[in-house]
Amino acid sequence: MKRHICFMLLFIAATVPVYVVGYSHGRVSSACATMRPSHSGNNAQSTNPPYQVIANSSTFNPGDTIQVTLRSNPGTTFKGFLLEARAAASSSSSTPLGTFTEMIADAQLLNCSISGTTYTNSAVSHTSASEKTEIAVNWIASDTGNIQFSATFVQTFATFWMDVRSQTIERSASNVSPTMATSLNTVTLSQGISSNGCGSTKFCFSNPAECNPASDQDCFFMSSTPKGSQGLQFEMSGRSPGYISIGFSDDQQMGNDDIYICGKDISGNIQVQRAYSTGRVRPRTEQLGEVDTIDVANENGIIQCTFNTRNNISTVQRAANNQYYLFFAYGPSASGQIELHSEIPFISTEKVDVTVVQLVVGKNNRSILIKTHGALMLIAWMTVGSIGMIIAKFFKRLGGSMKILGKKIWFQLHWTLMILTVITTIIGFVLAFVQVKGWSYSAGAHPVLGCIVMGLALIQPSVAFFRPSPDHKRRHIFNFFHKFMAVTIKILAVASLFLGIRLIEGTENTWMQKVLGGFLGWGGLIFVLLLKCRYFKEDWYVACQEKVALDLVILIVYLCGNLAFLIALLVGIGQT
């Protein structure tokens with residue numbers, strides 16, 4: 001009797017883990033038709049699933065590759081899943097469509113047998129019962145009509161959700177039979193987008209002000225037209241290498257923004273996407289939702305799209321209102337994913353309601369703080385710092401033996417100018433961080449160089465404060481270090497100035513960068529001239545020195561040229 005009891009206990013101990021874990025290995029081909037976990041006695045949850053199925057394209061042609069992402073809401077995970085592509089027109093169809101490929105460690109391919117027919121690599125499932133928050137796989141389209149991706153998510157043995165679907169992925173109209181084309185909404189724009197009706201029948205947001213995308217190739221344009229029960233019709237147009245996008249935000253900073261993207265998919269075709277920005281990273285793709293009547297075009301580098309949407313503006317829970325700042329951003333894309341926008345986005349100067357007919361101008365949101373930052377950095381390193389350095393290098397005889405507060409005139413000028421340079425740099429540095437409210441990843445190497453310059457600019461005067469006396473045996477070490485630091489700071493500062501001006505100007509209009517290049521040429525010319533005259537004792541230079549204070553004349557000429565370049569750049573900053 002005891003032997004039988006022990007045997008039963010061992011049997012229960014061996015089988016309970018299997019029951020609890022279920023199909024943790026994920027080899028669930030037998031569930032392909034129903035997509036129901038073989039969890040006896042448990043029903044699927046009827047509440048809204050805390051999971052999403054997101055495709056990175058809203059259209060496809062046979063042979064296209066679409067990335068499908070299974071994602072859990074924040075604070076939620078899933079242990080098991082089963083994913084298939086099904087016909088969008090028939091929710092009861094159990095036939096998997098297309099094939100999946102390129103699996104990651106937490107996913108595996110399944111061959112599904114439906115009604116005696118085997119569909120190779122037609123489904124994807126988990127490989128273990130580890131907790132997951134996101135899975136991304138690739139699906140290759142077959143020759144079929146519109147599809148949806150359908151998934152089952154298993155949270156625990158007894159808790160699971162079935163038939164969690166993506167947005168409808170539509171077969172491209174350019175590659176379908178006439179009978180199938182009538183059911184599709186995505187076509188090529190037969191007529192371009194224009195500003196006709198702006199302010200009278202539709203809301204318009206543009207840069208330059210009141211530009212017309214039908215006649216101006218450099219016009220960035222967005223409009224919305226109320227369509228009653230059909231929601232809003234959006235139009236978007238702009239020159240871009242990869243995508244254009246319109247964002248809706250509660251403030252004028254990037255982050256927590258709802259976005260519609262009109263851009264290239266993996267095959268280079270234009271698609272409409274819906275996304276949510278969480279900050280200075282690639283926006284998170286969202287389900288397209290209630291979007292239809294999608295028209296797209298891409299001619300001569302100008303991307304255009306129109307679509308109707310019945311989605312609420314907000315994709316997250318926030319205060320219910322219709323007032324938002326608008327962002328218009330554009331840039332390159334790669335493998336169907338948008339990259340960092342090319343320029344600072346055009347942003348509306350105030351909150352607007354896109355359901356109200358009106359005209360709005362988009363401006364680059366470079367506030368007075370950023371303009372002041374740029375102006376101070378130019379003043380510090382183009383004029384004040386440059387003059388202070390050149391005085392220490394070539395004009396130590398300025399003022400002769402005259403002294404101010406016990407120090408020669410040249411030294412007092414050099415010291416004063418360099419301290420002003422450091423103070424101006426500190427103020428400009430602080431203003432930039434106050435405006436950006438953190439680190440600007442979109443500014444590339446500019447903030448990195450700026451921080452290095454700021455650090456070295458603080459070290460240089462600190463070391464100079466403890467310099468040894470002129471007759472000290474280690475004075476030559478200080479002199480070398482001081483000169484080396486000065487040259488290093490100047491090179492990095494100039495590089496940072498070029499990158500900063502590039503951010504202001506962009507890549508098309510580069511006159512400010514050319515002016516800065518002219519300043520470098522001017523400074524180099526004066527430097528070579530002084531070097532040649534001073535150290536090679538040119539006869540004309542020696543003769544002039546006997547008649548006039550040539551050093552002072554050259555310094556004044558250099559200062560005049562320097563100020564001319566500086567004023568041109570300051571005017572340019574003011575006009576951005």
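Miscellaneous remarks
- The string of couplings for the range 234-247 from the Karplus curve (6.51, -1.76, 1.60, θ = phi - 60°) is 9, 10, 9, 8, x, 7, 6, x, x, 7, 10, 8, 10, x Hz, one whole number per residue in order, with x for Gly and Pro.
- Each peptide in 467-480, 133-146 was scored by the mean count of other Cβ atoms within 10 Å over its residues; highest first, the order is 133-146, 467-480.
- Zone of Gln45's modelled label, taken as backbone nitrogen in the range 128-146 under 18 Å from a point 7 Å along Cα→Cβ: 129-135
- Taking amide H as placed 1.01 Å from N in the peptide plane, Gly331 has its amide H under 5 Å from the amide H of Gly242, Tyr243, Ser342, each at least 5 places away in sequence or on another chain.
- For the range 185-364: lysine pairs under 26 Å (alpha-carbon distance), excluding those fewer than 8 apart on one chain: 6
- Relative contact order (%) - criterion: Cα under 8 Å, at least six apart; region: the range 22-175: 35 percent
- Filter on Lys396/Lys490; Lys371/Lys393; Lys490/Lys532 - keep pairs with C-alpha separation over 27 Å: Lys371/Lys393
- Calculated FRET value between Thr416 and Val448, using beta carbons and R₀ = 45 Å, to 0.05: 0.90
- Close amide H contacts of Thr59 (hydrogens built in the peptide plane, cut-off under 5 Å, sequence separation of 5 or more or a different chain): Glu170.
- Ser142/Thr77 FRET efficiency (R0 41 Å; Cβ-Cβ; nearest 0.05): 0.80
- Tensor-based shape of the range 195-314 (alpha-carbon gyration tensor, a/c under 1.5 rounded, otherwise prolate or oblate): rounded
- Note on Leu405 and Phe478: the extension gain reaches 23.9 nm, defined as 0.36 nm multiplied by sequence separation minus the Cα-Cα distance.
- The distance between label points at Ile114 and Asn196 comes to 4.6 nm (points 7 Å beyond Cα on the Cα→Cβ vector).
- Separation in nanometres of the label points that stand 7 Å from Cα toward Cβ, at Thr133 and Asn212: 5.1 nm
- Nitroxide proxy distance, nm - points 7 Å out along Cα→Cβ at Gln287 and Leu570: 5.8 nm
- Share antiparallel - DSSP beta bridges, the range 22-175, percent rounded to 5: 95 percent
- Computed from the C-beta positions of Leu531 and Phe433, the FRET efficiency with R₀ = 35 Å rounds to 0.35.
No value in this document is a laboratory result; all are computed from the given coordinates. Every value quoted in this text rests on a predicted model; they were computed, and no experiment measured them. Heads up, the Cβs are rebuilt from the backbone with ideal geometry, glycines too, and the neighbour counts pull from every protein chain shown.
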